[in-house]
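Asker: Before I ask anything, here is the structure I am working with.
The values are calculated or read from the model by the stated rules, or taken from the named source; none is laboratory data. Source: prediction; values computed, not measured. Cβ placement follows ideal geometry from the backbone for every residue including glycine, while neighbour counts extend to all protein chains displayed.
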Amino acid sequence: MRRYNAIIIDDEINLQDTLEILIHRNCPEINLVGKAKSAEEGRELLKLNVVHLIFLDISMPKETGFDFLASIPKENYVVIFTTAYEEYALKAIKANAIDYLLKPIDHTELKTAVTKATSLLTLRSQKVEAEDTYNESLNNLTQQIKSGQSHFSKITVIEKFGYRIVEINTIRFLEADSNYTIIHLSSLDKIVSSKTLGEYEKILDPDIFFRIHKSSIINLNYLKGFSNYQGAFVVMDDNTKLSISRRRFNEFREAVAVLSKSID
């Protein structure tokens, strides 16, 4: 089994120690080579060790996790953010397919995050484009955090064999497929993402993307028409028909009216 060197950067010593214990108990592929309580100490660890994976606290005094990330050659590492809060920053993290752990850290979620991180490290070593996409995703994350905007122009989509950066305005509609999501693009291309439709609903702008049914979310800008004659449905710009659930129809009609007024 290949082992990966990791460091923990967190200003709370007890949380450092807890995470260290969880890693030793649950992640035999991880070799913890150091712990730091500040971004400055973290940079020193990177100078002294070969590091593959960084467990990085978001909220630290003086320099936040994002400040730290901006100060290092981040393309050399895979990052798992740790945080105690379901805060705005997490929305940006989710939009960019960067992994995170909520405190108190659950051992099952830790194992899942580490498995994804090590798989990404393997993928990046095999495909240059995977590394380029991950780096672009980290750059998008940094820009989105700095801008403070609640909605984004790009997201990173996790595919079966890698990652893809997608412009939000090219997404026509999304369909649920079990625990996967099929993303339909304006180019008529399709992407099968390992995220659920519910996860995308939390990321996308609700003024533009409307969940018309438990199995579909549409971009209202690609809406061609809709009807409630013999069953409610929408017609998209490519003539695809999608059902609207009865309980969502009135709310959907209001959303269309609001968008139409904003365009006028």
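Asker: Would you mind telling me which numbered condition in (1) among the charged types (D, E, K, R); (2) over 26 Å from Asp67 (Cβ atoms); (3) in contact (Cβ under 8 Å) with a residue 24 or more places away in the chain; (4) not in a strand (DSSP E or B) Glu136 fails?
Answerer: Evaluating Glu136 over (1) among the charged types (D, E, K, R); (2) over 26 Å from Asp67 (Cβ atoms); (3) in contact (Cβ under 8 Å) with a residue 24 or more places away in the chain; (4) not in a strand (DSSP E or B) leaves (2) as the failure.
Asker: Now for a separate question. Being more than 18 Å from the chain's Cα centre (by Cα) and at positive phi is true for just one of Ser187, Ser216, Ser178. Which residue is that?
Answerer: Unique residue meeting the criteria: Ser178.
Asker: Looking only at residues in region 155-177 that are part of a strand (DSSP E or B) and of a type in the set (Val, Ile, Thr), which one is farthest from Ala89 (Cα to Cα)?
Answerer: Across region 155-177, the extreme among qualifying residues is Ile171.
Asker: Now for a separate question. Specify which of the listed residues (Phe173, Phe152) is at pLDDT 90 or above and crowded, with 17+ Cβ neighbours inside 10 Å.
Answerer: Within the list Phe173, Phe152, the selection yields Phe173.
Asker: Quick check on region 61-79: of everything there that is in a helix (DSSP H, G or I) and either acidic (Asp, Glu) or not assigned by TED's automatic domain parsing to the domain that holds Ile105 (or both), which residue is nearest to the chain's Cα centre (by Cα)?
Answerer: So the residue we want is Glu75.
Asker: Among the listed residues Tyr100, Tyr85, identify the single one that is modelled with pLDDT under 85 and closer than 26 Å to Leu204 by Cβ.
Answerer: Of Tyr100, Tyr85, the one residue that is modelled with pLDDT under 85 and closer than 26 Å to Leu204 by Cβ is Tyr85.
Asker: Identify, please: which residue in region 115-145 is farther than 11 Å from Ala97 by Cα and β-branched (Val, Ile, Thr) and is, among those, surrounded by the fewest Cβ atoms within 10 Å (Cβ to Cβ)?
Answerer: So, considering only residues that are farther than 11 Å from Ala97 by Cα and β-branched (Val, Ile, Thr), the one surrounded by the fewest Cβ atoms within 10 Å (Cβ to Cβ) is Val128.
Asker: Still on this structure: Do we find a residue being under 24 Å from Thr133 (Cα atoms) and in contact with a Lys or Arg (Cβ under 8 Å, 6 or more places away or on another chain) anywhere in region 48-58?
Answerer: Within region 48-58, none of the residues are under 24 Å from Thr133 (Cα atoms) and in contact with a Lys or Arg (Cβ under 8 Å, 6 or more places away or on another chain).
Asker: Return the pairs, sorted by first residue and then second, in which the second residue is assigned to a helix (DSSP H, G or I) and modelled with pLDDT under 85, the first residue lies in region 141-154 and is within 13 Å of Ile93 (Cα to Cα) and among the β-branched types (Val, Ile, Thr), the beta carbons are less than 7 Å apart, and the residues are 6+ apart or on different chains.
Answerer: As it stands, the answer is Ile145/Ala89, since those pairs meet every condition given.
Asker: I need a count of the residues in region 34-62 that are surrounded by fewer than 17 Cβ atoms within 10 Å (Cβ to Cβ) and modelled with pLDDT of 95 or more.
Answerer: Within region 34-62, residues that are surrounded by fewer than 17 Cβ atoms within 10 Å (Cβ to Cβ) and modelled with pLDDT of 95 or more number 8.
Asker: Another one. Can you name the condition, by its number, that Ile23 falls short on among (1) out of contact with any strand residue (DSSP E or B) (no Cβ under 9 Å at 6 or more places or on another chain); (2) modelled with pLDDT of 95 or more?
Answerer: Of everything listed in (1) out of contact with any strand residue (DSSP E or B) (no Cβ under 9 Å at 6 or more places or on another chain); (2) modelled with pLDDT of 95 or more, Ile23 misses just condition (1).
Asker: If we only count strands (runs of 3 or more DSSP E) wholly inside region 1-60, which ones have 3 or more residues that are within 23 Å of Thr112 (Cα to Cα) and over 25 Å from the mean Cα position of the chain (by Cα)?
Answerer: Qualifying strands (runs of 3 or more DSSP E): 30-36.
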